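> Can you read through this structure? Questions will come right after.
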Amino acid sequence: MTPTIYVPRDAAALALGADAVAAAIADEAARRGIAIKLVRNGTRGMVWLEPLVEVATPQGRIAYGPVSAADVPGLFAAGFVTGGSHALCHGPTNEIPWLARQQRLACRRIGIVDPRSLADYVALGGGVGLRRARTMAPADIVRAVTESGLRGRGGAAFPAGIKWQTVLATPAAQKYIVCNADEGDSGTFSDRMLMEGDPYQLLEGMAIAGLAVGSTQGYIYVRSEYPHAVAALNAALATAEDYLGDFRIEVRVGAGSYVCGEETAMLESIEGKRGIVRAKPPLPAVAGLFGQPTVINNLITFASVPDVLAQGAAAYRDLGCGRSRGTLPFQLAGNIKYGGLVEVPFGLTLRELLYDFGGGSRSGRPLRAVQVGGPLGAYLPASQFDTVLDYEAFAAIGAGLGHGGIVAFDDTVDLAKQARYAMKFCAIESCGKCTPCRIGSTRGVEVIDRIRAANNGQRADQIELLQDLCDTMIHGSLCAMGSMTPIPVMSALRHFPEDFK
Amino acid sequence: MEKPTTIESIIAAHRDLPGALLPVLHEIQHLRGYIPPDSVPLIAKALNLSRAEVHGVISYYAHFRQTPPAGHVVRVCCAEACQAVGGEALAEHARTRLAGSDVTLEPVYCLGLCACGPSVQVDETTLHAQVTPEKFDALIAALEAAA
């Protein structure tokens, strides 16, 4: 049988040289007269091992990584085509502890399946949820999602079933399903990995949502910074017409605006306008895209739905802790030794993720601060690393899990500089509709500059001014961009006051 | 389906699409490298918008260019995850290295390569991770050699 060799096409793997590795493997195989089947899969999520080459053997897939093009002749010489041992060999991929300790649902097929093959998707268990949904009444699908306890994975953690129920109960000739794949938070890449590694899972989740609320048209809004994800989605859609039945999905590409990840700004953008935030109410579930009832969920929310239908709401709800049910694909990023995608049920501590999975800092220096939940998330000091990864536990310390992005910093970080960056980023990306965000962010940069330049006598006044400004932004902004920018700023000031001197 | 090869045909192919403006602008920029000012009235007329509305959208989004870029476009990630591993020093190095060259240097706020930063994107399709100043110089030298 022709041996199958997997070389990821995921953007992170490409950035680390996967195309050159794939070309070298094809060349070397041809030179040696060995017939191979080369599959360009997604990433297994172990970014520190990328490019991770896998070889299918009777004992399962064997992992080699990180592989460079220069390693390829040596790998062939060592007989890696049949799983031969080599310094880069990690044994069976599924037994690598970093991966074996995870519990993957939404990301279960990423890196395993050929993302361009619908047949492969179905052969690996895809499509079961959609088939089941087709036998159910819409209200029963919504009930299953509600009972699963699934909450929105974009950051706001609103119960998905309640949102779907609102759309189901709002009569309209045309309703829409919109997937928010505008994954702009630094430290997050789970949406990208799923689009590139298992796009059919997303299409299935959206089609189920369409059946649940009575919609035949879906949109996936992807940021323009993700051209590889856009290509992967379009390739999947080109083969999925029959699979999706009456449901149609179109990919819409953003254009470099962070605030378009806010759901109403995203709707404006899909409608062909500037990405300016809308006032709520009306909720998008009542009057959303083109004024029609619209389900808007994050990509991981949709990708979690097939499992809820296939395995049942109870199986999903049984995972997790407190009111955070199921799993969340966390993303370990920044200054971290073993970075990548860690999907686990809620309930681990931040420390377990950072050290048991992450292995501490990449630089080898102590971890000093961790930003959880993107540019609008809090900076947490080591004394809070034992916080349980659970929506409520994070809310209780004035932080949030957001989209599950975790950015680690070592002890060379200057938190006053990070606070200034938070305000600067808000000033760059503010849509400009409300004053606290548009003007407040620029004033915030100025005040932090004055704090950093001030002598001891003046500093207290400026800090009070910053607190007052943050208070205005929190209470006066129209959306999370302005109202949450104070979170990284104030957490930096609270936990790392010495950096502001 | 054949890809449209003129601005007029791009506009014609999209005029019945709901919310057509961004797809039209993307295709024009893909074809020409920027949005030529003389395409604005054509787009506005076809999509029943005012020229101000079209201009407003083009100027709102950082991705759209109103003038052709000089040479290659090199974008260095300036977001937090890359900051944590030396992204700012890399951006500073890039400014110095590319001063006076015909490469367009831009900041980008996250390429989704946050576990292997600092990251750099060249001409929107080629990605580089764990970029050190030395690695940056090598990739610029390769770009210049190919030019």
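> Can you say what percent of the DSSP beta bridges in chain A, counting only those with both residues inside, are antiparallel? Round to 5. Before the final figure, lay out each step's value.
Values: 29 of 53 bridges.
Taking every DSSP beta bridge within chain A, about 55 percent pair in antiparallel fashion.
> To continue, here is another question. Mean 1/r over all different Cα pairs, inverted: what Kirkwood radius does the protein assembly as shown give, in Å? It would help to have the intermediate numbers written out before the result.
Numbers: mean 1/r = 0.0394 Å⁻¹.
Evaluated on the protein assembly as shown, it is 25.4 Å.
> Under 19 Å Cα-Cα from A:LYS280, which lysines qualify once same-chain neighbours fewer than 8 residues away are excluded?
Leaving aside lysines fewer than 8 places away in the same chain, those within reach of A:LYS280 are A:LYS163, A:LYS175, A:LYS433.
> Please compute, for peptide A:219-231, the average count of beta-carbon atoms on other protein chains lying within 10 Å of each residue's beta-carbon. Numbers along the way, then the final one.
Numbers: counts 2, 0, 1, 0, 5, 8, 11, 3, 4, 3, 1, 1, 1.
Taking the mean over all residues of the peptide, I get 3.
> Also, quick follow-up: Students often forget the sequence filter, so: which lysines lie under 17 Å Cα-Cα from B:LYS45 once same-chain residues fewer than 8 apart are removed?
A:LYS273
> Between region A:308-363 and region B:19-45, what's the alpha-carbon centroid distance in Å?
Distance between centres, Cα-based: 43 Å.
> Using all Cα-Cα distances in region A:58-187, what percent lands in each 5 angstrom bin from 0 up to the longest?
Result returned by the calculation: 2, 7, 11, 13, 15, 15, 11, 7, 6, 6, 4, 2, 1, 0.
> So what are the ³J(HN,Hα) numbers for region A:50-62, from phi and the Karplus equation (6.51, -1.76, 1.60; θ = phi - 60°), rounded to whole Hz, Gly and Pro as x?
6, x, 9, 9, 10, 10, 7, 9, x, 8, x, 7, 9
> Hey, got the average number of other protein chain Cβ atoms within 10 angstrom for residues in A:182-189?
Partner-chain Cβ atoms within 10 Å, mean over residues of A:182-189: 6.
> Next question. Note the per residue figure in Å³ for the convex hull of the C-alpha positions in chain B. Walk me through the intermediate numbers first.
Working: hull volume 20.5 nm³, N = 147.
About 139 Å³ per residue, rounded to a whole number.
> How much mean residue ellipticity at 222 nm does the protein assembly as shown get from its helices, if each DSSP H run of length 4 or more adds -39500 (n - 2.57) and you divide by all residues, to the nearest 500 deg cm²/dmol? Before the final figure, lay out each step's value.
Numbers: 28 runs with 271 residues, N = 648.
It lands at -12000 deg cm²/dmol.
> Also: Report, as an integer, the average count of C-beta atoms from other chains found within 10 Å of each Cβ along A:268-278.
Shielding by partners across A:268-278 averages 5.
> Expressed as a whole number of Å, what is the distance separating the alpha-carbon centroids of region B:50-100 and region A:4-50?
So the separation of the two Cα centres works out to 31 Å.
> What order do you get for B:THR104, B:THR6 when you list them from fewest to most C-beta neighbours inside 10 Å? List each step's numbers first, then the result.
On the way: B:THR104 16, B:THR6 11.
Fewest-to-most Cβ neighbours within 10 Å comes out as B:THR6, B:THR104.
> Okay, moving on. Sorted by packing (mean other beta-carbon atoms within 10 Å per residue), highest first, where do A:481-492, B:76-87, B:109-120 land? Please report the intermediate quantities before stating the final value.
Working: A:481-492: 26.1, B:76-87: 27.7, B:109-120: 29.6.
My ranking of the peptides, most packed first, is B:109-120, B:76-87, A:481-492.
> At q = 0.11, 0.17, 0.18 Å⁻¹, work out log10 I(q)/I(0) for region A:127-194 with the Debye formula, treating every Cα as an identical point scatterer and leaving solvent out; two decimals please.
Result of the Debye calculation: -0.35, -0.81, -0.88.
> Let me ask another. Restricting to Cα pairs below 8 Å that are 6+ residues apart, what does the relative contact order work out to for region A:1-142? Please round to a whole percent. Present the calculation step by step, with values, prior to reporting the outcome.
Details: 206 pairs, mean separation 33.2, N = 142.
So the answer I get is 23 percent.
Read-outs throughout are calculated quantities, based only on the coordinates presented, and are distinct from any laboratory measurement. Owing to the predicted nature of the structure, the values given are computational and were not obtained by experimental measurement. Methodologically, a virtual Cβ is constructed for each residue, glycine included, from the backbone with ideal geometry; neighbour enumeration extends over all protein chains shown.
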